[in-house]
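Student: Dropping the structure in here first, questions after.
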Amino acid sequence: MNGEDVASRMWLELSALAPDRWPAIRRAVAARIAARLLAELDGLPRSASQLDLERQRRARQLAHREVA
Amino acid sequence: MTNPAGTLRQKASRLLDEYNALHDESACAEAKRAYQQLLAEHPDDAGLHLEYGMLQDWHGRRSIRAAVACYERAIELDPGQDAPHFQLTHSRAALNETEHVIDLYKKRLAAAPDQIREYRFLGRAYLYAGAREEAGKVIAAGRKLDPGDYGLLELEAELLDASGRREEALAIWQTFKQRGDPENLEPYYMSAFTLEALGRYAEAAAEWRHIIDWHEAHDSAMHTKWPKEMLEGIEAKIAAADAGDTGSRQA
């Protein structure tokens with residue numbers, strides 16, 4: 001049994017044991033998962049900016065007008 | 001005396017420059033007609049092909065940008081639909097503007113962390129940006145919330161395939177075929193691509209045949225055109241491989 005199977009079983013058992021409180025528990029856990037994920041993503045160095053690439057491409061078009 | 005072809009060429013170049021600067025659609029239409037006429041007269045002129053290509057490139061990008069606006073409006077009007085989100089990410093990626101969707105879906109996830117679809121959207125945005133490590137982190141986080149989510153599993157298969165881990169991707173598509181919706185042909189299409197990339201042409205051909213048969217059985221023969229073209233391509237590869245084998249045996 002892997003970690004995901006354990007997590008899946010825990011979720012199932014929790015939802016069965018505390019059906020009335022389950023939605024609130026899930027929301028609280030989700031908030032922590034997402035907060036941790038977003039912090040981790042923000043902490044990674046950003047890959048070469050795709051947006052910058054597009055701007056550079058447009059700038060090159062305008063800069064080399066002799067082609068047109 | 002003025003050379004009429006030269007005059008038309010100058011006009012085409014002027015219209016191209018005008019379209020690039022001002023994005024006037026009438027200039028684009030007029031330029032298109034001029035280039036088509038010029039190319040009919042001078043089919044081997046590399047400069048004309050370059051300029052006509054640029055015109056179509058710029059016009060295509062503007063069309064995709066217009067599509068982005070449509071998808072954004074569709075999302076506003078019907079927030080429950082997933083399709084416009086996928087289309088939006090696809091179009092932004094085509095424009096090299098994936099940062100827009102990454103920022104959008106990070107904000108959406110922060111606002112609705114218990115919605116599994118937000119993990120799917122953000123993961124796909126990263127995948128299409130080529131940020132595979134980040135896409136993997138999003139999938140893993142989503143799995144903590146919903147370990148059995150098919151959307152995340154599908155995304156993982158795409159990530160594995162993009163990372164060159166094709167056998168693992170194929171195993172996931174196989175799972176989909178066994179457990180998933182029989183009306184969903186996506187695992188068959190994806191398996192066909194992956195099998196072809198692995199050089200397993202006979203198996204790839206079998207996937208395309210399944211897809212063609214399905215469409216024919218579901219009164220959508222129109223949609224067999226492309227699968228049939230793909231199948232022809234695979235069969236040509238099989239024939240070439242067989243001919244190579246025969247050649248090497250004969251040699």
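Values in this text are rule-based calculations from the coordinates and carry no lab data. This is a predicted model, so every value here is computed, not measured. Here Cβ is always computed from backbone atoms with ideal geometry, including for glycine, and neighbour counts include all displayed protein chains.
Student: Tell me, what ³J(HN,Hα) does each residue in region B:40-51 have, in order and in whole Hz, if you take phi through Karplus 6.51 cos²θ - 1.76 cosθ + 1.60 with θ = phi - 60° and put x for Gly and Pro?
Tutor: Per residue, the Karplus-derived 3J(HN,Hα) values read 5, 7, 10, x, 9, 8, 4, x, 5, 4, 4, 5 Hz.
Student: With a/c under 1.5 counting as rounded, go ahead and sort region B:180-251 into rounded, prolate or oblate using the C-alpha gyration tensor (a ≥ b ≥ c being the square roots of the eigenvalues; past the cut-off, prolate if a/b is larger than b/c, else oblate).
Tutor: Judged from the Cα gyration tensor, region B:180-251 comes out prolate (a/c at least 1.5, a/b above b/c).
Student: Measuring from label point to label point, each 7 Å out along Cα→Cβ, what is the A:L12 to B:D181 span in nm?
Tutor: Result for the modelled spin labels: 2.4 nm.
Student: By how many nm would the segment from B:C70 to B:A46 lengthen if fully extended, with 0.36 nm per residue of separation less the alpha-carbon distance?
Tutor: 5.0 nm
Student: Then there's this: Check cross-link reach from B:K228 to the aspartates and glutamates: straight Cα distance under 13 Å, and skip same-chain residues fewer than eight apart.
Tutor: The qualifying aspartates and glutamates are B:E207, B:D213, B:E216.
Student: Additional query: Would you calculate, for the protein assembly as shown, the mean residue ellipticity at 222 nm contributed by helices, counting each DSSP H stretch of 4 or more residues as -39,500 (n - 2.57) and dividing by all residues, to the nearest 500?
Tutor: Calculated from helices alone, the mean residue ellipticity at 222 nm is -26500 deg cm²/dmol.
Student: Here's another thing I want to ask about it. How far apart, in nm, are the 7 Å Cα→Cβ label points at B:S26 and B:R132?
Tutor: 5.0 nm
Student: Efficiency by 1/(1 + (r/R0)^6): what FRET value for B:K11 and B:E167, r their Cβ-Cβ distance, R0 = 45 Å, to the nearest 0.05?
Tutor: 0.20
Student: May I pose another question? From the backbone phi of region B:221-235, what are the Karplus-calculated ³J(HN,Hα) couplings (6.51 cos²θ - 1.76 cosθ + 1.60, θ = phi - 60°) in whole Hz, Gly and Pro given as x?
Tutor: 4, 3, 7, 8, 4, 5, x, 5, 5, 5, 4, 4, x, 5, 4
Student: With charges only on Cβ, +1 for K and R and -1 for D and E, what is the dipole size of the protein assembly as shown about its Cα centre, in debye, rounded to 20?
Tutor: Once rounded to the nearest 20, the dipole reads 980 debye.
Student: Where the only charges are on Cβ atoms (+1 Lys, Arg; -1 Asp, Glu), what is the dipole of region B:186-237 about its Cα centre, to the nearest 20 debye?
Tutor: Around 140 debye, computed over region B:186-237.
Student: Follow-up question, since we're still on this one. How large is the convex hull of the Cα atoms of region B:1-77 per residue, expressed in Å³ as a whole number?
Tutor: Convex hull of Cα atoms, per residue: 91 Å³.
Student: Could you tell me which residue out of B:V138, B:A111, B:G151 lies farthest along the dipole of region B:80-163 toward its positive end? Charges go on the beta carbon: Lys and Arg +1, Asp and Glu -1, centred on the Cα centre.
Tutor: Farthest towards the positive pole: B:A111.
Student: Additional query: Across the Cα atoms of region B:80-163, what radius of gyration and what greatest pairwise Cα-Cα distance (Dmax) are found, in Å?
Tutor: 11.6, 33
Student: In Å and whole numbers, how far do the C-alpha atoms of chain B stretch along each principal axis, longest first?
Tutor: Principal extents (largest minus smallest coordinate, Cα): 76, 66, 38 Å.
Student: If you wrap a convex hull around the Cα atoms of the protein assembly as shown, how much volume per residue is inside, in Å³?
Tutor: That works out to 229 Å³ per residue.
Student: Can I ask one more? Looking only at other chains, what is the average number of their beta-carbon atoms within 10 angstrom of each beta-carbon in A:32-44?
Tutor: Mean number of neighbouring Cβ atoms from other chains: 6.
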